[in-house]
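For reference, the structure is listed below as C-alpha cells.
The values are calculated or read from the model by the stated rules, or taken from the named source; none is laboratory data. Note that the structure is a prediction, hence the values are computed from the model and not measured. Glycine also receives a Cβ, built like all others from the backbone with ideal geometry; neighbour counts cover every protein chain displayed.
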Amino acid sequence: MKKALSQDEIYNNIKLSEQLNLHGVQIDSDLLRELDFKDTYLEQVHSCFNMNHTTYTETKLPDRFKNEGGFRFPVVYDPDSQYSITKECGKYYLNNKQGRLFEVFFGRKPAYYNKKASDGTPMSTVAQAAGSTHVSIAYSNECALNEKGLDCLFCNINATKRSYADLEGIAWKTPRQIAETIKAAYDEGYFSFTITGGFIPERREVDFYIDVAEAVRDITGLEDFGGSACIGAPLDLTVIDKYKEAGYRSIATNMEIWDEHIFKTIVPGKDQICGGRENWLRTLRREIEVFGRGRVRSTFVTGIEPKARTLEGFEYLTDLGVVAVPSYWCPNPGSALEGHRQPTVEWYHDLVQKTYILYKKNSISHLDFYISNNAEETIFDYLYDSDGDFLPWDAEKYAIAV
Amino acid sequence: MATLKEKLYDELKLKLALSVEGVNYEHGIFDSVLEEDPMLKKFDYCTWDKQLVTTKQYSVPSSIVLEHGFDVGVVVDRDSPYKIEKASDKDFVVTRNGQLLSNISFLPSPKFYSKMTSDGTPMRVVGSSLSGLSPDKSVIFGYSTECAVKDNDETCLFCVMNGTKGLDAPETRPPWKTSAQISETAKAAYDEGYSHLTITGGFIPERREVEYYLDVAESIQLALGVEDFNGQACIGAPMDLSVIDRYKEAGFSSIGLNTEVWRKEYFDIVCPGKVRMCGGYDNWIKALEHAVKVFGRGKVRSCFVAGLQPKDVLFEGLEYLASIGVITIASSWVPGIGSPLEGHRSPTVDWHWDVQLRHANLLRKNGFTYKEIFDATPGRGFAHEIYQIEDETLPIFSAIQDEG
C-alpha cells in the first residue's frame, strides 16, 4: 500500500531536493567505506557524467536516498556542503547546519548489477537503474564533439571518462551486452529503458541503435520492448522513421537551450554538426509526426539562459506535444563552466511549477512523461501523483490507500 | 605566523566573498550608525539587495570597512553564511556560520555629501565617492537613472538599472543630472582632495550623449579653473568613431567603453541593446582600438562582467585588450533583482578570486602602473588593492613602519 504525498509535502520535499542539487551533501569517507555497495546499496556509476561537485574517487558513492515518506533525493557529493549524511546507532540521517532533518534510506541495488554479460562485462557498467522500472544505457562514454573543440559548455562526459572509465571499467557497449543486461533487468521487474550517449564519430548512431533494438528483441523475445532512443538531430530526417520501425516507442532529441544565440554558444557542436538550431526544431516536429504527441522528449539544461527564454521554448514545444524536461544545470568538474553556479532554489522552483502547468495545459499525462523521460521518481512524477494521475502500475497501490 | 601580505590577501578574498555571497544581518542593527552619521551612504541601488529586505526602509549602509581597511559594498542575502553582527553597542563584526572573521567599521562620509548644489540638490545624490579609505580619491557621476535600451526590451542581461521593480531609491535622485549639478559637486569633491572623476550613465535616447558630455566637461573646467580635470567619459561605442576624438578635445583625459563580455556570440546574447545601438560587437572593438589611438595606452578602459562566460573566453578578451593598451576591469557579476538574470548565481568565490589574481597579474605584465589604473577606472577595484599589496604602498604598510 502506498500513500500519495500531499501537495504541501511534495513542495517541501521538492525544495529540499533542489537545495541538495544546488548545495550537494557531504558524507564522511569512513561512513562511505562502511556502506555495503557489493550487495545492498546502489552506487553511482559514472557511465556518462559526473554530477557531483567534485571528482571523488576515494570510495564509491551512493546514488540516491529516500525519506520515510518515500520521496527520493539525489546524492550530489560536495565535501563543503552545509548538508551532511551521518550515521547514528546504525541509522543514517540527513542534517543541515541547524541539526538533524530525517532518517535516510539509501537506494537498493538491483540484482542484475552483480551479474555479467556473456563476454564478462559487469552489467552494472552497461545499464544503470533509474528507479524500479526503468534503466538507462549510455552506449558511449565519450563525445566526438571534443575532437572538434565543440563540446557543450556544461558537459563533462569526456572529463568523466578520464576520471572514472578505468576505475569503474566503463567502455563502449555492444548491442549484445546491452540486450543481455536489459533481459536481466527485465527478469527482475524492470520494463523500460533509454539508450543515450555522446556523439559517435561520423554519426553512425542510427545503425547502432537499430542493432541494439534487434538484439533486445532477440534476447528478451519482446516485440514491444519499452525502448526510448535519445539522438542528436539528424541531417536526413527520414532517419527518424527508422527508429520507429526498429521498435522504439519514444524518441528524445535534447535541445538543452532555447535562445538561438545562446544555443550557438553553449552547444556549438549541436549547432554546427546537426544542421543548426532550426534543424533541431524540424527534427522535433518530425518526431511528433512519427512517434506522436507525448512520445517525444527534449531535455533542457536549465539555469544557463534566462528563465523567460526557457519557458518560451517549453510553451512552443509542449504545445507541439513534446515533453520538454528541465534538468538542473550542474556546473560539474571538467566542464567548460566548472566553477560557475546554477540559479537559486527559488528560481528552479518557479520553473518547475510553470513547466508542470504547461504539461497539464497541453495534456501531457504522467504516462507520456514516463515513456518519454529517462528517469523515474522525478519531482514531476510526484506532482502527477498528487493530482491523482498515477502510472498504471502504481494506480492499484495508490487506490488502496486513497 | 602570517605575514602582513598574507593577512591582506586573506582579507581581500573575504571582501570578494562578501560581494559574491552577500551578507545577512538582523533588521535594525544599523539604526544607531545611521543616526550618528546621517550623511552615511545607504543603498544607492536597492536592487542589489537580493531579498528585498530593505524595501522602502534602506536601513543598511552601502558599504562596510574590514579590519585592514578594505571597503566592501553590502549585498544583502538572507541565505548567506556571512553575517554582520553587533559585538557591542558600537562595535560590529562580520562572521561566517557564527565564526568571527573581522571587525568592521563604516566609511566616513566625504564632506561634499553634506553640501548642496546651487539649485538645492544634495551633492550626495549627484556624485558618489568610490575610493573607500584610500587617499587616492575618485568620484563618479551617473548622469541618468535609466537606460534607453529598456524601450526595446534590450536591457543587458546582468543590468539592474532598468529593473527596480517599483522600488524607490533610498533618496530621491534627479532622473537627469545637469552639467551645473555635476560641476559644482566635482568642485566640492576636488576641494577636499578628490583627483579623478568619471561620468557615466545609461544610454540616452537618440544617442545624444556626446553633446551632453561636452557640456559637462566645459562646465567642470570652468568650475575647477583647469583644462585637465583628470576626467573619464564612459560611453557606448559610437557609430562614427571620430566622435571619440571630440571627447579628447573636450578635455576628458581617458575614456571608458565597457565590453562586458568577450566574443561576438556572447556580446549578442548579453548586450542586445549595445548591439543594436552601437553597431554591434565588431564596431565596439574597433571603437576601443580607435580610442587607444586617440587617448593613448593606459588611457582607455573596458569593464567586463566576470562570471557570464567561461573563464578562458573572458581572459582571451582581457589579454587582447590589455595587449593593445586598454586597462580592463573584471567586475564580479552579482545577479541583482530586476535584471533579466535575476535568480541566477555568480560563480564560486574561488573562481572569482582566481580571476582577480590573474587579471592583476595581466595588467602588470602589460606594463600598466598603479597611477594609470587609478586614472582609467572609476573606483577602487581588486587590481588597485593587489598592486598596492604587492608594492607595499597601501597606507597600512607605512603605518606599521611608523609604529616600528
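Filter segment B:97-136 down to the residues that are touching a Leu at 6+ places or on another chain (Cβ under 9 Å), more than 15 Å from B:L40 (Cβ to Cβ) and not in a loop (DSSP other than H, G, I, E, B) and list them by number.
Matches in segment B:97-136: B:L101, B:S102, B:N103.
Could you grab me the full set of residues in segment A:308-325 that are more than 14 Å from chain B (Cβ to nearest Cβ) and not hydroxyl-bearing (S, T, Y)?
Hits for segment A:308-325 are A:G313, A:F314, A:E315, A:L317, A:D319, A:L320, A:G321, A:V322, A:V323, A:A324, A:V325.
Yes or no, residue by residue, for (1) modelled with pLDDT of 95 or more; (2) β-branched (V, I, T); (3) buried (at least 18 other Cβ atoms within 10 Å of the Cβ):
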position: A:S192; (1), (2), (3): yes, no, yes
position: A:G197; (1), (2), (3): no, no, yes
position: A:D211; (1), (2), (3): yes, no, no
position: A:C230; (1), (2), (3): yes, no, yes
position: A:Y248; (1), (2), (3): yes, no, yes
position: A:I262; (1), (2), (3): no, yes, yes
position: A:S298; (1), (2), (3): yes, no, yes
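Which residues, counting only those in segment A:231-286, are within 29 Å of A:A213 (Cβ to Cβ), among the acidic types (D, E) and within 14 Å of another protein chain (Cβ to nearest Cβ)?
Within segment A:231-286, A:D271 is the sole residue that qualifies.
Of the residues B:H359, B:H344, B:H384, B:H352, which is within 13 Å of another protein chain (Cβ to nearest Cβ) and within 17 Å of the chain's Cα centre (by Cα)?
B:H352
Looking at (1) under 17 Å from the mean Cα position of the chain (by Cα); (2) assigned to a loop (DSSP other than H, G, I, E, B), find the lone condition where A:V135 falls short.
All conditions pass for A:V135, except number (2).
What number of residues within segment A:74-108 are more than 14 Å from every other protein chain (Cβ to nearest Cβ), assigned to a loop (DSSP other than H, G, I, E, B) and more than 25 Å from A:P333 (Cβ to Cβ)?
So the count comes out to 2.
Quick check on A:I357: is it of a type in the set (A, V, I, L, M, F, W, C), farther than 30 Å from B:W351 by Cα and in contact with a helix residue (DSSP H, G or I) (Cβ under 9 Å, 6 or more places away or on another chain)?
So A:I357 does not fit the description; no.
Would you mind finding the one in A:K116, A:K91 that is surrounded by 15 or more Cβ atoms within 10 Å (Cβ to Cβ) and among the basic types (K, R)?
A:K116
May I ask you to say which residue of B:V334, B:V305, B:V294 is within 14 Å of chain A (Cβ to nearest Cβ) and either out of contact with any strand residue (DSSP E or B) (no Cβ under 7 Å at 6 or more places or on another chain) or among the hydroxyl-bearing types (S, T, Y) (or both)?
It is B:V334.
Conditions tested, residue by residue: (1) surrounded by fewer than 16 Cβ atoms within 10 Å (Cβ to Cβ); (2) at pLDDT below 95; (3) more than 24 Å from A:L383 (Cβ to Cβ); (4) not hydroxyl-bearing (S, T, Y).
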{"residue": "A:L32", "(1), (2), (3), (4)": "no, no, yes, yes"}
{"residue": "A:S47", "(1), (2), (3), (4)": "no, yes, yes, no"}
{"residue": "A:N52", "(1), (2), (3), (4)": "no, yes, yes, yes"}
{"residue": "A:L61", "(1), (2), (3), (4)": "no, no, yes, yes"}
{"residue": "A:S81", "(1), (2), (3), (4)": "no, yes, yes, no"}
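Restricting to segment A:354-370, give me the number of residues that are surrounded by fewer than 22 Cβ atoms within 10 Å (Cβ to Cβ) and either under 13 Å from the mean Cα position of the chain (by Cα) or outside the structural domain of A:S327 (by TED's automatic domain parsing) (or both).
So the answer is 0.
List the number of the failed condition for B:C271; all other conditions in (1) at pLDDT 95 or above; (2) within 14 Å of chain A (Cβ to nearest Cβ) hold.
(1)
Can you pull out every residue in segment A:327-359 that is away from every other protein chain (no Cβ under 14 Å) and under 10 Å from A:T302 (Cβ atoms)?
A:S327, A:T355 - these are the residues of segment A:327-359 that are away from every other protein chain (no Cβ under 14 Å) and under 10 Å from A:T302 (Cβ atoms).
Kindly evaluate A:T299 against the criterion of being under 20 Å from the mean Cα position of the chain (by Cα), under 20 Å from A:S335 (Cβ atoms) and more than 14 Å from chain B (Cβ to nearest Cβ).
Spelling it out, A:T299 is indeed under 20 Å from the mean Cα position of the chain (by Cα), under 20 Å from A:S335 (Cβ atoms) and more than 14 Å from chain B (Cβ to nearest Cβ).
Taking segment B:181-206, which residues are at pLDDT 95 or above and surrounded by fewer than 17 Cβ atoms within 10 Å (Cβ to Cβ)?
B:D191, B:E192, B:G193, B:S195
Which of the residues that make up segment A:180-200 are more than 19 Å from the chain's Cα centre (by Cα), part of a loop (DSSP other than H, G, I, E, B) and farther than 29 Å from A:N156 by Cβ?
Once the filter is applied, which keeps residues that are more than 19 Å from the chain's Cα centre (by Cα), part of a loop (DSSP other than H, G, I, E, B) and farther than 29 Å from A:N156 by Cβ, segment A:180-200 yields A:E188, A:G189.
Could you grab the pairs with beta carbons closer than 9 Å, sequence gap of 6+ or different chains, first residue in segment B:95-114 and within 14 Å of another protein chain (Cβ to nearest Cβ), second one hydrophobic (A, V, I, L, M, F, W, C)?
B:T95/B:I84; B:T95/B:L101; B:R96/B:L14; B:R96/B:A17
Residues are listed down the side, and each one gets a yes or a no for (1) closer than 29 Å to A:I304 by Cβ; (2) of a type in the set (V, I, T); (3) touching a strand residue (DSSP E or B) at 6+ places or on another chain (Cβ under 6 Å); (4) not assigned by TED's automatic domain parsing to the domain that holds A:P331:
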site: A:S124; (1), (2), (3), (4): no, no, no, no
site: A:V135; (1), (2), (3), (4): yes, yes, yes, no
site: A:F154; (1), (2), (3), (4): yes, no, yes, no
site: A:L167; (1), (2), (3), (4): no, no, no, no
site: A:Q177; (1), (2), (3), (4): no, no, no, no
site: A:I182; (1), (2), (3), (4): no, yes, yes, no
site: A:D187; (1), (2), (3), (4): no, no, no, no
site: A:T194; (1), (2), (3), (4): yes, yes, yes, no
site: A:I200; (1), (2), (3), (4): yes, yes, no, no
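Quick one: is A:G70 in contact (Cβ under 8 Å) with a residue 12 or more places away in the chain, on the phi > 0 side of the Ramachandran plot and touching a strand residue (DSSP E or B) at 6+ places or on another chain (Cβ under 8 Å)?
no
Output the residues belonging to segment B:361-400 that are more than 24 Å from B:S128 (Cβ to Cβ) and of a type in the set (K, R).
B:R364, B:K365
Could you figure out which of (1) crowded, with 22+ Cβ neighbours inside 10 Å; (2) in contact with a His (Cβ under 9 Å, 6 or more places away or on another chain) isn't true of A:A324?
That leaves (2) as the condition not met.
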